[in-house]
Structures are given as structure tokens and as C-alpha cells.
Amino acid sequence: MTARDRMQVNDVVVVGVGGQGILLATDVIANVFIATGCDVKKSEVHGMAQRGGSVESHVRRRHGCVHSPLVSPGCADVLLSFERMEALRYANYVHSDGVVLYNTQKIPTLAIANGEVRYPSGIEQSLRKRCRTVLPVNAMDVAADLGNPRVANTVLLGALSHLTDIPAERWEEAIVDRVPRSAGEVNRRAFAAGAAVAKDLMAT
Amino acid sequence: MKYRLLTGNEAIASGAHNSGVKVVVGYPGTPSTEIIEHIRAERDSDIYAEWAPNEKVALEVAVGAALSGVRSMAAMKHVGVNVAADPLMTATYTGVRGGLVIVTADDPGMHSSQNEQDNRNYARFARVPMLEPSDSQECQDMMPQAFEISEKFDTPVFLRSTTRVSHSKSLVHPGESVPSDVAPGFDRNPQKLVMIPVHARGRHPQVQRRLQELRQFAEEAEDLNRIEWGSDQSVGIITGGIAYQYVREVCPEAAVLKLGLSYPLPLQMIGEFAAGVDELYVVEELDPFWEMEIRAAGFDVQGKERFPVVGELSPTLVRTGLQGTTDEPNSAPDSEEQLPVRPPILCPGCPHRGVFAVLSELGLVVKGDIGCYSLGVMPPLSAMDTLTCMGASMGQAMGMEKALGDRAPDSVAVIGDSTFMHSGMTALADIVYNNGHVTTIILDNDATAMTGHQAHPGSGLRARETGGRRVDFEQLVRGLGVQDVHRVDPYDLQQVKDAVQAALETDAASVIIAERPCVLLDRTPPEHHYSVGDDCTGCGLCLHLGCPALSYTDGGTVRIDPVLCTHCGLCAQACSFDAIERRSESQ
């Protein structure tokens, strides 16, 4: 891990498709932020939107006091998207020096699955026009290589951890705390693999 | 002392606990549901917590407990208060004895609701004080205060949350236990508690006197209403709830009057504040509720000419409103406008899908209702024509039938099991008694599914927990006088279609009970597995089901996503070419 990859990450927006585990991921981020001695707020979405719809959750920290639980457009340090197209839908949250970190997995909408519209192409190029640092992570493949597709979210959190000035141990503790004991080891490996992917991407 | 990261709803539950609450009742509804869930999840608790069939019953149970001298809480979403408004408007006359707090969780922005009514209006309407927290700490700390006010002034008290308060997490310092000193027991007092006209006429003046006392209390309630003079008094902002957080975020220097007591307002304090600032603003989400009260009191104040009356506020909207500009920073790139929308959809294997597939195929007018199955309106099923409120489907079907007579289009009413229990039964009685021919489909998935599978009196869940008895839908509708009753499996398209067609032919009220547990509840391994064979022509018939597990391949045939598929078998039934192969799990 190189020091120049690290930044002070205070405002994170996590997006994806309802059912992908976004609330759990933002809980982990919030707990890591609390461990840094900061005030923390996060916002969640419950109810109808969770049924396969587009979902966003915000996490913020400050030394002192966080007022709004919402990140304002143009103010997020990192946008973490669990799905490719959703990264672009919410890209306006990130400031121009911020990072878009996204899972390259494509989840079709019903209209795409039915062949009525096409899954959009050129997502990465569109993101690069808006934002200096764009990190596409094939979290599904990384997780599959580890033998457990369900740890894709941990791969992404590992990648996120590499961007922050918060020690990796804090992230690992927060993740292991929220997964079944039997899944602790594979999540540790997924976390490390995600951090390594981010490091490689930042080097290129 | 350890801080905990809690949602507003968790903190309300914690505050109720700290208040020594004994009876907790509600009906699930986003964004209120988790309040009662958290109390029910507590082990070794001496709190009685139940899901009532609707909000009216919930409030009546809570009032009954309060009149018995214990602290009680009713929790519901904003539109639930409409259902509970009848007991509310007269419980204000009877008073309470033990503290009674009604939590209303409003949904500005309609994340999961059919409207965005501002329930502060109920406080004024019912002459009931309302507290409004702006973060989780306040959610917890205001609960004991609400109970104290309730007992001191002998009135129900509202605590109003909004989606952004209920579903935001922030750090909470554990509060102290502040129990009631009211002795449990029921005191007979018909003049106060039996609201026949002659008694009620005696109580209404007391309600008005109480309101005057509460106005005085509001002036002195420094732990609820406070002035933060800040370093810049050129602008003074009166705000509260989540809007307070946005104001503090956007203008940390400004003078702010934070209202923790939304109603009644501390008008003397507002006068003191107005005199100390150059320009006075009100920043409030939804209605100009405070603005109108403050204007009526003679103060020159700016509000809704700068801030929207629709939707949620945000730091950006507060900033642009105060600046008098509407510039959005970092506005969306061109490509975003072309992104396909991603609305919520019925889950793979959802038992509602089979019913809506049949209704869509038959082209019927569908009177809809509130629940997961409201998503039947979404394409490609597109099988819903009206949706208004809980329980409205059957009454609206009856109205169309009586209005149009022989010219009425073929139609059905669809209503979930929990919604039927909530407010469908009376409409069915109306149909039977007044000789309607409405066909009602009860979508019985054994739970209040949308909000997280809460129990209701028609589901087996609660009965198993409590030893209570489950209401049997067939016996119930037959008891109401329906003779044409069908029970179908919504995974069997032909069975559903036959039942619907038979019911439509019947010149009397018909009920079809489509029974299958929510796919998220039912963990039974599937009997058969399904896969697409070589005969797939790519005709797309199966895709009309709107199942997220089905999609076109690049080669123009259909594939089944093995991760998403629950092997419900609907696609195999929809296929005209027998191209979706079924094999037994044992093979």
C-alpha cells in the first residue's frame, strides 16, 4: 500500500441495486469511521425501494459534528457502486478530485432483460470525464477466485480501504464483526484481495 | 460512556424503554416499522408489544392501556394516522392518565408511500402537542419528555419523525431510565371518559384550556425549543426536525431558533428571536405549517417563496433557497439522462406474479391496493389501474360496477392478506349486502411482506408465537356472506385463470384466495428445477412475466439466471414451445 494512494475520506456514497447488501456495507464503513474518533451519520433507504430498485446510502464523518446525514451533490470523496450502470447514475455526488470505485458487474433492468433497451456502454469513459480517479473492480471474479461469490462486497470494501488513511486492521475488524464466524477467514482474504486490486489500479 | 450508532427508529424504541413504557402497539408501515420491531426483539422485556390489524385498533389499544394508568405508545406511518384519526380526535377530550405517545413517521419524498401529507397538521387539528426530533439522540431523549408532557397535561402527545430521521443513523449516548409515577389501575369517571354529547360538551373547553397551558409551557421548554444566536444575526432561521441539520450544515454562523416542540409554538420566544435578527426565515419540510402560524402572529417572515412545499429538503435546497438562487452544483452529465431507469420490481419467485400474469393476459381492469403487489402496475405486467389507500380496492370496484352497470369493464379487486385484515373486510360486507358482483382476489402470502414479514391476524406467524388463533380467510369471507369462494395456488397459472373466469361469470360477490407464502419466507427446497432447452425460439412470452431471473442472451434466446431463479415454474407454464425443461430434484 502506497501512502500517495491514501486520502482523507469523509463523505462516502454507496449505491447499487436493492438486495445487494448496501446497508451492511455502509454499517461497516460507519463503524470504521467511528473507530477513528469522529462523529458519524449515515442515511439508509428501506421499504419499497429495496425490492430490486436503485438504492443509495450515505456515510459521513467529521472531527467535531456531522449535521446532515446526506452528502450533497458534488461533495462525496468516494462513490462506491456495487453495479456498473448505477455508478454513472449517481456520479454527480462525487467532487472532481474524488474517486468512483465500482463493481463492473452488470445487473440488467427488466426493460434491458426484455430487450426493449440496451445496457449502456461506455460507462467508464463517461465516469472519467467527470472524475479524475475511476477504479473499475471485477469483484465478482475476484470473489469467485476465492471460492465464494458472496464475498464480492468485502472485495469492494477492501478496495475502498486502500483509498483511505484509516489502517487496514480497523476495516478488517469491522468486517469480521459483521459476518458469521465461519466466514471470517474468506472475508479476510477477500478484503486483502480487494485492497491489492485497488493498489494495482492506482499504480496504472 | 459508550455511544451507539442507532437509527432514529431504534432510538425511539430505546427512549420508549427508558420511559418505562408497558404497552406498545402499531401497524407496520415504512418508515415507522422498526420502532416496534426493536421493542419486540428485546428479550426478557416486560413490555407488551403487538402488531394490531390496523392503526385505529393500535391507537385504541394504546388509549385503553393509558387510561389504565400505564405508559403506552402507538407507532405508525403518516397515512396510518388517518386511519387512527377517529380515536385520536376524541382521546384528546378524554385525556390519558398514564402517558400516551403516538409516533407518526412521515415520508416526505414518498420513498415508500402514496402521499407526503404533513402530519404536523394533526397536532393543530387535534390540539395535541407534537415533539419533533432532528437526530437519533433527540429521538431517544424526547420520548421521556413526551411521556412527561402527556401525564402532566393529561393529553396524548405526538412524536413526529420523518424518513431521514427514522432511517438515518447517528451516535446516541444511552439515556437514563425515567419511569412514570402514575399508579396503574383504572379509575371510573364517566363524565371524563364516556363521550356522550353532554359529557363531551364539558370536555371541549378543557381541551382549549389545556392548549393555553401548553402554549405557556412551550415558552419555558428550554430543553425543547432553543435559540442559537451564532456569530451572524443578519439572518435568523426558525427551523426544526431534519431541516435543522441542513440549516446548521449550510450556515453554521447564522442565528437559529430550533423548534423541538412543533406545536404549539412559543410565540413570545419567536418574538424575542425576530427582534434580534435582521431578516427572518422559516425553513421547514413540506407544508408552511410554522410559517402560517408565525405570519398569523404578525411577524414578517420568508418561507415557501424560497423553499419547496413538495418533496424532501436537502442541504442544497436550503442553500439555494437562502441565497435566492437555484444553481445545482456539478449538474448531471448528458449520459445520465439516457440511463435506463431501475424501479423496484417483484422478486424472482414472488407468488403475486402468477396472479398478475393472468390479469394482464385477460386484460381486466384491476383495482389495486397497498403492498408489494402494488408493483403489479409496473411493466411488463402493467396490471393495475387504481391505487389510493389501504383497503380501497374493493370499494372502488363496487363503485365502478354501480356507476357503469352493464357497461362496466370486466374487473377485479386485488388486496393483500394483511391489507384485507387492515381495512378490506368492511368493503366486502358492503359488496355482499348491497348485491355487488365484485371479484376480489386476496393475495395471501402469509405476512405483511413489504415492511419485512410482520405477522397479522390472518397469518400463522403471530399465532405460533402467542398461542392466539389465526383468522381463516375462507371461513371469514363465507361468514361475511360470500358463497363463490375459490382457493388457488398462484404458481399454477391455469388454476388462477380458471378461477378468475369462473368468478367473473358469477352474478354475485366472488373471492379468490391465492395462497402461497412470500418467497423470501418460504425456504422449502424446490421440487423441480428449470432450465432453457434447445427449443427456445426467443419469442419473449416468458419475459412478459417480468421475472428478474429471465433475460435475452446475445443469441436472441432466453436464459435463466441460476442465482436468482427460485424454480417457481411460471416461465415453463408461460412458454408455448415447451422450451423450458423441468426435471425433478431427485433425478
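Quick note: the coordinates plus some simple rules give every number you see, no bench work behind them. Because the structure is predicted, anything quoted here is derived from the model rather than measured. Cβ placement follows ideal geometry from the backbone for every residue including glycine, while neighbour counts extend to all protein chains displayed.
Figures for the structure shown
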quantity: For chain B, size of Cβ-based charge dipole, Lys and Arg +1, Asp and Glu -1, in debye; calculated: 1700 debye
quantity: Among B:297, A:91, B:218 the positive-end extreme of the charge dipole of the protein assembly as shown (Cβ point charges); calculated: B:218
quantity: Members of B:56/B:367; B:367/B:402; B:56/B:169; A:42/A:129; B:402/B:497; B:2/B:169 lying beyond 19 Å, as alpha-carbon distances in this model show; calculated: B:56/B:367; B:56/B:169; A:42/A:129; B:402/B:497
quantity: 10 Å Cβ neighbours from other chains, averaged over peptide A:60-69; calculated: 5
quantity: Volume in Å³ per residue [convex hull over Cα atoms, computed for region B:1-82]; calculated: 91 Å³
quantity: Bridge type composition, the protein assembly as shown - antiparallel percent by DSSP, nearest 5; calculated: 35 percent
quantity: Within 10 Å of each Cβ in A:85-93, the average number of Cβ atoms from other chains; calculated: 4
quantity: More than 25 angstrom apart: percent of Cα pairs within region B:204-336; calculated: 27 percent
quantity: Charge-dipole axis of region B:225-323 as Lys and Arg at +1 and Asp and Glu at -1 on Cβ define it, positive-most pick from B:311, B:254, B:233; calculated: B:311
quantity: Peptides B:107-116, B:26-35 ordered by average Cβ neighbours within 10 Å, highest first; calculated: B:26-35, B:107-116
quantity: Proxy reagent accessibility, fewest Cβ within 10 Å first, across B:158, B:186, B:420; calculated: B:186, B:158, B:420
quantity: Stokes-Einstein D in µm²/s, Kirkwood radius over Cα pairs - chain B at 20 °C with 1.002 mPa s viscosity; calculated: 81 µm²/s
quantity: Extended-chain gain in nm, criterion 0.36 nm per residue less alpha-carbon gap, residue B:563 and residue B:148; calculated: 144.1 nm
quantity: Leading residue at positive end of dipole, chain B (Cβ point charges), from B:363, B:205, B:51; calculated: B:205
quantity: Shape category assigned to the protein assembly as shown from the gyration tensor of Cα positions, a/c cut at 1.5; calculated: oblate
quantity: 10 Å Cβ neighbours from other chains, averaged over peptide B:132-138; calculated: 1
quantity: Order of A:166, A:22 - criterion: other Cβ atoms within 10 Å of each residue's Cβ, fewest first; calculated: A:166, A:22
quantity: Simple Cβ-charge dipole of the protein assembly as shown, Lys/Arg +1 and Asp/Glu -1, about Cα centre, in debye nearest 20; calculated: 800 debye
quantity: Ordering of A:146-158, B:266-278 by burial proxy (mean other Cβ atoms within 10 Å per residue, highest first); calculated: A:146-158, B:266-278
quantity: Rounded to the nearest 20 debye, dipole of region B:528-584 from Cβ charges on Lys, Arg, Asp, Glu; calculated: 180 debye
quantity: Kirkwood Rh in Å, taken over chain A so that all alpha-carbon pairs contribute; calculated: 16.9 Å
quantity: Compactness of region B:18-127, expressed as Rg and Dmax over alpha-carbon positions, Å; calculated: 13.4, 39
quantity: Where only C-alpha atoms are counted, convex hull volume of region B:4-220 per residue in Å³; calculated: 115 Å³
quantity: Sequence ranges A:124-133, B:9-18, B:400-409, A:99-108, ranked by mean other-Cβ count within 10 angstrom, highest first; calculated: B:9-18, A:99-108, A:124-133, B:400-409
quantity: 222 nm mean residue ellipticity, helices alone, for chain B (DSSP H n ≥ 4; -39,500 (n - 2.57); rounded to 500); calculated: -11000 deg cm²/dmol
